[in-house]
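One structure below.
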Amino acid sequence: MSVTLIDAAAHRRIAELGQRVLAGGGVTRAEGEWLFALARPEDRLDLLVWANRIREHFHGRRVRLCSIVNVKAGGCPEDCRFCAQSAVHAADSPRHALLEADEVREAAREAQAQGVAALGLVAAWRDLREGPALDQMCARLTELKQSGQVRPDASLGMIRSQKVADRLKAAGCECYNHNLETSRRFFSQVCTTHTYEDRVRTLHYLKQAGIRICSGGILGMGETREDRCDLAFALRELGAHTVPLNFLNPIAGTPFARLTPLAPMEILQIIACFRFILPQSEITIAGGRAVNLRDLQSWIFMAGASALMVGNYLTTANQPVAKDLQMLKDLGLSWRGDEPGGPRAVPASAAAPPVPAAA
């Protein structure tokens, strides 16, 4: 009898929090910790049901697709312990200099053909300052903007001055990705060559320039559930418009190579908790999706995800875009490519190549 009462109490509390969020309210820090700590399978499933309702209420049944192109790969001087592109580690990762303009144009063309709304230009280096690299990136962003094929986004490292952020805005950058990665408390266990405060400062420069913030993190790096909760609330405080959630795919040659990947149901719980805390943010599921969730990939939308990164990641492969589009069709979800006036979505039967990025 006591077990039944406890289960009923958890059911009621999840429902109360879900109804509060649907009504425009928010969860407290203590309530967020409670959601992250749920451990019984039945409670986790209950959490997903409410996360799905919150997603549909604030975002409908339309999923936003985005992709990335690695415009400069490898050789980064930072020591982020998850990253195969760090020059500090011994990971086998591709290296190439800045892509030429025609290669970026081709990436945009393929992204548009897949029904992708935004293309992020990503570079493996420490930061972006005044100089030739900034000039080239601004030129690429301006060309993407003028082409009208995809929304020009960027992820080009730390921003060191307001002037740099203002130049990116003037060049057409609409959204900039710079992840907090984890909690302030755990950050030094992930990276030592720059600080959590460096990342927050970059986001403030971007916000001041009028560029939308895309910031999230990587889960499964050894952080606690409290660290995950801290990250979610930090992103809420910063007003992140888009929140990409990555799940560690341990790569040989990196310090995190031997970490045990998160279980699929724990990943889904994390997504649901972020949806409760950030009901109006675009929650994008990105790196580590296919390898960690396997047959449960389609459950990310029930867990509250409203956006999906398609095509390959920076150093690892994703599942084919056509398979992702078929998944959305099977779920009865729409995306940019199957809406009137949008670019035509590639049929699931087509041999559609993935959006180019370093595999």
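Classify region 62-338 as rounded, prolate or oblate from the Cα gyration tensor: take a ≥ b ≥ c as the square roots of its eigenvalues, call it rounded if a/c is under 1.5, otherwise prolate when a/b beats b/c and oblate if not.
It is rounded, given that a/c, with a ≥ b ≥ c, falls under 1.5.
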Problem set entry | Within-15-Å neighbourhood charge of HIS194 [Cβ basis; K, R +1; D, E -1] | +1
Exercise. Antiparallel DSSP bridges in region 62-338: what percent, to the nearest 5?
Worked result: 5 percent
Exercise. How far is helix 2-22 tilted off the main Cα axis of the chain, in degrees rounded to 10, range 0 to 90?
Worked result: 40 degrees
Exercise. On a 0 to 90 degree scale, rounded to 10, what angle separates helix 162-171 from the longest Cα axis of the chain?
Worked result: 80 degrees
Exercise. Given CYS175, GLY311, SER67, which one lies farthest toward the positive end of the charge dipole of the chain, if we put +1 on the Cβ of every Lys and Arg and -1 on the Cβ of every Asp and Glu?
Worked result: CYS175
Seminar exercise, completed: Answer in debye to the nearest 20: the dipole magnitude of region 62-338 about its Cα centre, from +1 Lys/Arg and -1 Asp/Glu charges placed on Cβ, is 380 debye
For this session: Tell me the label-point distance for the pair VAL291, ARG258, using the 7 Å Cα-to-Cβ offset, in nm and rounded to one decimal.
Result: 1.8 nm
Problem set entry | Rel. contact order, % - alpha carbon contacts under 8 angstrom, at least six apart, region 62-338 | 21 percent
Problem set entry | Pair MET265, ARG29: separation of 7 Å Cα→Cβ label points (nm) | 3.0 nm
Problem set entry | Relative contact order of region 73-215, defined on C-alpha pairs under 8 angstrom at six or more residues apart (%) | 22 percent
Exercise. Once both axes come from the Cα atoms, what is the angle between helix 225-238 and the longest principal axis of the chain, in degrees from 0 to 90, rounded to 10?
Worked result: 60 degrees
Seminar exercise, completed: Within the under-13-Å Cβ sphere about PRO264, not counting PRO264, Lys/Arg +1 and Asp/Glu -1 give a net charge of +1
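How much mean residue ellipticity at 222 nm does the chain get from its helices, if each DSSP H run of length 4 or more adds -39500 (n - 2.57) and you divide by all residues, to the nearest 500 deg cm²/dmol?
-13000 deg cm²/dmol
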Exercise. Of the listed peptides 43-55, 19-31, what is their order by residue-averaged count of other C-beta atoms within 10 Å, with the highest listed first?
Worked result: 43-55, 19-31
Problem set entry | ³J(HN,Hα) computed for each position of region 104-120 - Karplus, 6.51 cos²θ - 1.76 cosθ + 1.60, integer Hz, glycine/proline x | 5, 4, 5, 4, 5, 4, 5, 4, 4, 5, 7, x, 7, 7, 9, 10, x
Seminar exercise, completed: Residue separation between ARG184 and ASP102 times 0.36 nm, minus their alpha-carbon distance, gives in nm 25.5 nm
For this session: Would you please put 247-259, 283-295 in order of how densely packed they are, using the mean number of other Cβ atoms within 10 angstrom per residue and starting with the highest?
Result: 283-295, 247-259
For this session: Extending each Cα 7 Å along its Cβ direction at LYS329 and GLU226, get the distance between those two points in nm, one decimal.
Result: 4.9 nm
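Bear in mind these aren't lab numbers, they're just calculated from the coordinates by the rules spelled out. The model shown is predicted, which means the values in this text are computed figures rather than measured ones. Here Cβ is always computed from backbone atoms with ideal geometry, including for glycine, and neighbour counts include all displayed protein chains.
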